[in-house]
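Participant: Pasting a structure here, questions to come.
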Amino acid sequence: MQISLFNHGGKGASLRRMQALGRKKQGELNGTELAYQKILEARMQAGELAWYKFEGIKLRLADKTFYSPDFAVMLANGEMEIHEVKGFMTDDANVKIKIAADMYPFRFFIVRAMPKKSGGGFSVQEV
């Protein structure tokens, strides 16, 4: 008898399969996050950033509801920013970052990987 680890039916089943296949352990960067970290490191070497940390903070949104952004970033002038790096944005992630942006005094940015056929790199949008 074969047992499936995925719910193959119903709304969102294919999304759950895709997320499960690409999910890394907490604290482990995926390829998109690694590429963006190189940009942050270059900005740090250029003196634009004082500090950054992958999954460095956890923000409480409600009872038993938290948001752990990909990168907490401190600019050279001491200003704090939150950078959420996405190859694909789920509804849950989109809602959480918008709620967090309303609750906390940081600047929030969604960083999206651009397709290679469009030149690659990243687009950055403030929330």
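Participant: Determine whether Glu81 is within 15 Å of Ile39 (Cβ to Cβ), surrounded by fewer than 18 Cβ atoms within 10 Å (Cβ to Cβ) and of a type in the set (D, E, K, R). Even if it seems obvious, please write down each step before you answer.
Facilitator: Working: within 15 Å of Ile39 (Cβ to Cβ): yes; surrounded by fewer than 18 Cβ atoms within 10 Å (Cβ to Cβ): yes; of a type in the set (D, E, K, R): yes.
Judged against the criteria, Glu81 is a match.
Participant: Go through the range 84-94 and give me each residue that's surrounded by 15 or more Cβ atoms within 10 Å (Cβ to Cβ) and of a type in the set (Asp, Glu).
Facilitator: The answer is Glu84, and nothing else.
Participant: Here's another thing I want to ask about it. Which residues, taken from the range 23-51, are under 17 Å from Val111 (Cα atoms), without any contact (Cβ under 8 Å) to a residue 24 or more places away in the chain and either in contact with a Phe, Trp or Tyr (Cβ under 7 Å, 6 or more places away or on another chain) or charged (D, E, K, R) (or both)?
Facilitator: Scanning the range 23-51 gives Lys38, Glu41, Arg43.
Participant: Now for a different question. With the structure loaded, tell me whether Lys64 is among the basic types (Lys, Arg) and within 22 Å of Asn30 (Cβ to Cβ) or whether it fails that test.
Facilitator: Considered against the rule, which asks whether it is among the basic types (Lys, Arg) and within 22 Å of Asn30 (Cβ to Cβ), Lys64 comes out as no.
Every read-out reported here was derived from the displayed coordinates using simple, explicitly stated rules and does not represent laboratory data. Keep in mind the model is a prediction, meaning the values are calculated, not measured. Every residue, glycine among them, receives a Cβ derived from its backbone with ideal geometry; neighbour counts consider all protein chains shown.
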